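Enquirer: After the structure tokens below, expect a handful of questions from me.
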Amino acid sequence: MLTVHGSRLKLCDGVPRRSLLKIGALGLGGLNLPQLLKAESAAGVGASHKSVIMIFLAGGPPHQDMVDLKPQAPVEYRGEFSPIQTNVAGIDVCEHLPLLAQRMDRLAVIRTLVGSEGAHSAFQCMHGHPQLNQPPGGWPCFAAAVSKLQGPVNLEVPAAVSLQPKIGGAFWSDPGQGGFAGMRHAPFSANAPGSNDMVLTNLTQQTLRHRQTLLGQMDSLRRQLDTPDVIDGMDAFYQQAFEILTSGKLVKALDVEMEDPALRARYGRGSKEPAGYGDAGWLRNEDFLVARRLVEAGARVVTLSFGRWDWHGQPHGTNFDNARDHLPALDQALSALLDDLKERGLDRDTSVVVWGEFGRTPKINNKGGRDHWPQVGCALLAGGGIRTGQVIGETNALAEYPTKRPVHFQEIFATLYHNLGLDIDRATIDDLTGRPQYLIDHAKYQPLPELV
């Protein structure tokens, strides 16, 4: 909670120490992407800007039950669902995705996503690099790299925002790290505890502006920190806190109650209850709407986690029981987002990607579930000016492995960087030793020529 109020233990300038501590706590807990020291000028920035909305299906979605159905396979492989035709001839999807089927002309389907290490870890959808032998400081997530290289569109909204909920599984709850791009470039965690209730009470904006001298009061804390990056990040934390308090632009973007009820109904309400297992994320459809609002307000990259897709079977329900719950929710929320972006003229500037860390086993296990399958997975892409209405890649008759056009995680990241206007053959970020690091392994992976 970011609350500026109180009446006890005032400092020499009249600001309560309790208020100071609450501002400091916000910076340490959730408000960790200010990126204001390298902000680009807002002059000339139009109503729209290049942006990415990344939807992480934590746990690994079943590719063969969504976009690569095999109705001719034996029953222990093909499962319980049937394919339906889309509005693009020759492309079919699961019967539980009827709204997306009507919008296939605005989607590109990757049926041959490869490069997974098979671990339940968000990093594969955060930066796409191998987890081991990372450069000093660690790879920055995609959002942090964009923040470092492009900065914010305006001072009131962070360049990168994560809507990742706080969930039990630590390997899924990572909102993305700053890595060697720097602590201050890590995404602002909008759903983190302490950052979802920002209130300015009993203190005017003008007075708060004067209270930026509070930064000087943190010297004792700064002396306890042992890295320049952390100290640099702390400066940005507090500056961002002041900008958010005095502007309110970020707070308004996060408040879906300000939207037309009819539009909210199109997205669906969803829930903050765990989606399945106790360590799950939520099926909160409103986060898709919040993502659009954040992009419109100035965010460059918004990531959100939707549901829990790790369906090994009983006692937590079969793969198909869970899919009957998750797929219609995804169908509604993603379709509403695509329509909303198009109606607002944001679709060509806003790229959307939907994926998880791997696919699921082609053969159904004896508990009615599908297990981890890093050999192949799937992804959906839309917007950003890419060529849509197509499927990229083919798998064999049992959806076990690619037989045509495998697509690596880094190729999709290369495409997203391209859509943002970043040249992967030239753009670099220095690691903690000062060595420039390319955004991806550009000698091996380039933007998908089928799309760009």
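Enquirer: Tally up the residues in the range 116-129 that are farther than 24 Å from ALA336 by Cβ and not in a loop (DSSP other than H, G, I, E, B), please. Quick ask: steps written out before the conclusion?
Expert: Within the range 116-129, the subset farther than 24 Å from ALA336 by Cβ is 116-124, 126-129.
Applying the additional criterion that residues be not in a loop (DSSP other than H, G, I, E, B) yields 122-124.
Of the residues in the range 116-129, 3 are farther than 24 Å from ALA336 by Cβ and not in a loop (DSSP other than H, G, I, E, B).
Here's the yes/no breakdown for (1) buried (at least 16 other Cβ atoms within 10 Å of the Cβ); (2) out of contact with any Leu (no Cβ under 7 Å at 6 or more places or on another chain); (3) more than 30 Å from GLY178 (Cβ to Cβ):
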{"site": "LEU69", "(1), (2), (3)": "yes, yes, yes"}
{"site": "VAL75", "(1), (2), (3)": "no, yes, yes"}
{"site": "GLY79", "(1), (2), (3)": "yes, yes, yes"}
{"site": "GLY90", "(1), (2), (3)": "no, yes, yes"}
{"site": "HIS96", "(1), (2), (3)": "yes, no, yes"}
{"site": "LEU107", "(1), (2), (3)": "yes, no, yes"}
{"site": "ALA122", "(1), (2), (3)": "yes, yes, no"}
{"site": "GLY138", "(1), (2), (3)": "yes, yes, no"}
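Enquirer: Next question, about the same structure. Please name all residue pairs, on different chains or six or more residues apart, with Cβ atoms under 8 Å, provided the first residue is in the range 137-160 and is basic (Lys, Arg) and the second residue is surrounded by 24 or more Cβ atoms within 10 Å (Cβ to Cβ).
Expert: Short answer, once both residue conditions are applied: LYS148/GLN35; LYS148/PRO140; LYS148/ALA181; LYS148/GLY182; LYS148/HIS185.
Enquirer: What's the total number of residues in the range 347-362 that are surrounded by 19 or more Cβ atoms within 10 Å (Cβ to Cβ) and closer than 21 Å to TYR417 by Cβ?
Expert: Looking only at the range 347-362, we keep the residues that are surrounded by 19 or more Cβ atoms within 10 Å (Cβ to Cβ), and these are 347, 349-362.
Okay, now just the ones that are also closer than 21 Å to TYR417 by Cβ, so 347, 349-357.
So the answer is 10.
Enquirer: Are any of the residues in the range 415-428 within 19 Å of ALA108 (Cα to Cα), touching a strand residue (DSSP E or B) at 6+ places or on another chain (Cβ under 9 Å) and of a type in the set (D, E, K, R)?
Expert: Looking through the range 415-428, none of the residues is within 19 Å of ALA108 (Cα to Cα), touching a strand residue (DSSP E or B) at 6+ places or on another chain (Cβ under 9 Å) and of a type in the set (D, E, K, R).
Enquirer: Within the set of pairs 6 or more residues apart or between chains, which connect a residue that is at positive phi inside the range 303-320 to a residue that is assigned to a strand (DSSP E or B) and among the aromatic types (Phe, Trp, Tyr) with Cβ atoms less than 8 Å apart?
Expert: What qualifies is GLY307/TRP282.
Enquirer: Inside the range 99-125, can you point out the residues that are free of Cβ contacts under 8 Å to residues at least 60 places away in the same chain and under 30 Å from THR433 (Cα atoms)?
Expert: Result: PHE123, single match.
Enquirer: Quick check on the range 420-438. Is at least one of its residues part of a loop (DSSP other than H, G, I, E, B), among the hydrophobic types (A, V, I, L, M, F, W, C) and free of Cβ contacts under 8 Å to residues at least 60 places away in the same chain? Steps first, answer last, please.
Expert: Quick first cut of the range 420-438, residues part of a loop (DSSP other than H, G, I, E, B) only: 421-427, 431-435.
Then drop every residue that is not among the hydrophobic types (A, V, I, L, M, F, W, C), which leaves 422, 424, 427, 432.
Among the residues that remain, those that are also free of Cβ contacts under 8 Å to residues at least 60 places away in the same chain are: 424.
Yes: the range 420-438 contains one or more residues that are part of a loop (DSSP other than H, G, I, E, B), among the hydrophobic types (A, V, I, L, M, F, W, C) and free of Cβ contacts under 8 Å to residues at least 60 places away in the same chain.
Enquirer: Could you check the range 253-269 and list, in sequence order, the residues that are assigned to a helix (DSSP H, G or I), in contact (Cβ under 8 Å) with a residue 60 or more places away in the chain and closer than 17 Å to GLN332 by Cα? Walk me through it before giving the result.
Expert: First, the residues of the range 253-269 that are assigned to a helix (DSSP H, G or I): 253-254, 256-258, 261-267.
Subset that is in contact (Cβ under 8 Å) with a residue 60 or more places away in the chain: 253-254, 263, 266-267.
Passing the criteria: LEU263, ARG266, TYR267.
Enquirer: Applying the selection to the range 359-414, what residues are touching a residue at least 60 places away in the same chain (Cβ under 8 Å), among the polar types (S, T, N, Q) and out of contact with any helix residue (DSSP H, G or I) (no Cβ under 6 Å at 6 or more places or on another chain)?
Expert: GLN375, GLN390, THR395, GLN410, listed by residue number.
Enquirer: Still on this structure, I have one more. Check PRO152 against each of (1) at pLDDT below 95; (2) buried (at least 23 other Cβ atoms within 10 Å of the Cβ); (3) within 22 Å of LEU380 (Cα to Cα); (4) not small (Gly, Ala, Ser) and name the one condition it does not meet.
Expert: Among (1) at pLDDT below 95; (2) buried (at least 23 other Cβ atoms within 10 Å of the Cβ); (3) within 22 Å of LEU380 (Cα to Cα); (4) not small (Gly, Ala, Ser), PRO152 violates only (3).
Enquirer: Collect the residues in the range 292-349 that are among the hydrophobic types (A, V, I, L, M, F, W, C) and closer than 28 Å to TYR77 by Cβ, keeping them in residue-number order.
Expert: Taking the range 292-349 as the starting set, the residues that turn out to be among the hydrophobic types (A, V, I, L, M, F, W, C) are 294-295, 297, 299, 301-302, 304, 306, 309, 311, 320, 323, 327, 329-330, 333-334, 336-338, 341, 346.
Passing the criteria: PHE306, TRP309, TRP311, PHE320, ALA323, LEU327, ALA329, LEU330, LEU334.
Enquirer: Give the residues of the range 378-415 that are among the hydrophobic types (A, V, I, L, M, F, W, C), in a loop (DSSP other than H, G, I, E, B) and surrounded by fewer than 21 Cβ atoms within 10 Å (Cβ to Cβ), sorted by residue number.
Expert: ALA397, LEU398
Enquirer: Now for a separate question. Exactly one of these conditions fails for LEU263: (1) within 26 Å of SER51 (Cα to Cα); (2) touching an Asp or Glu at 6+ places or on another chain (Cβ under 6 Å). Give me its number.
Expert: (2)
Enquirer: Step by step: first the residues of the range 359-377, then only those that are in a loop (DSSP other than H, G, I, E, B) and under 12 Å from ASP65 (Cβ atoms), then the one that is farthest from the chain's Cα centre (by Cα). Which residue is that? Outline the logic, then answer.
Expert: Of all residues in the range 359-377, those in a loop (DSSP other than H, G, I, E, B) come to 361-367, 369-371, 374-376.
If we keep only those that are under 12 Å from ASP65 (Cβ atoms) too, we end up with 361-362, 364, 369-370.
Details: THR361: 25, PRO362: 27, ILE364: 30, GLY369: 27, ARG370: 25 Å.
Selected residue: ILE364.
Enquirer: I'd like to know if the range 312-329 contains one or more residues that are under 26 Å from VAL452 (Cα atoms), at pLDDT 95 or above and in a helix (DSSP H, G or I). Working first, answer last.
Expert: If we filter the range 312-329 for residues that are under 26 Å from VAL452 (Cα atoms), which is where we start, we get none.
No, the range 312-329 contains no residue that is under 26 Å from VAL452 (Cα atoms), at pLDDT 95 or above and in a helix (DSSP H, G or I).
Enquirer: Determine whether HIS127 is of a type outside the set (A, V, I, L, M), under 18 Å from ALA379 (Cα atoms) and surrounded by fewer than 24 Cβ atoms within 10 Å (Cβ to Cβ). I'd like the intermediate steps shown before the answer.
Expert: Values: of a type outside the set (A, V, I, L, M): yes; under 18 Å from ALA379 (Cα atoms): yes; surrounded by fewer than 24 Cβ atoms within 10 Å (Cβ to Cβ): no.
It is false that HIS127 is of a type outside the set (A, V, I, L, M), under 18 Å from ALA379 (Cα atoms) and surrounded by fewer than 24 Cβ atoms within 10 Å (Cβ to Cβ).
Enquirer: A further question on this structure: Among the candidates GLU273, GLU286, GLU257, single out the residue that is more than 30 Å from ASN366 (Cα to Cα), charged (D, E, K, R) and either surrounded by 17 or more Cβ atoms within 10 Å (Cβ to Cβ) or at pLDDT below 80 (or both). Can you show your working first?
Expert: Numbers: GLU273 fails: more than 30 Å from ASN366 (Cα to Cα); GLU257 fails: either surrounded by 17 or more Cβ atoms within 10 Å (Cβ to Cβ) or at pLDDT below 80 (or both).
The conditions single out GLU286.
The values are calculated or read from the model by the stated rules, or taken from the named source; none is laboratory data. Bear in mind the structure is a predicted one, so any value in this text is a computation, not a measurement. Methodologically, a virtual Cβ is constructed for each residue, glycine included, from the backbone with ideal geometry; neighbour enumeration extends over all protein chains shown.
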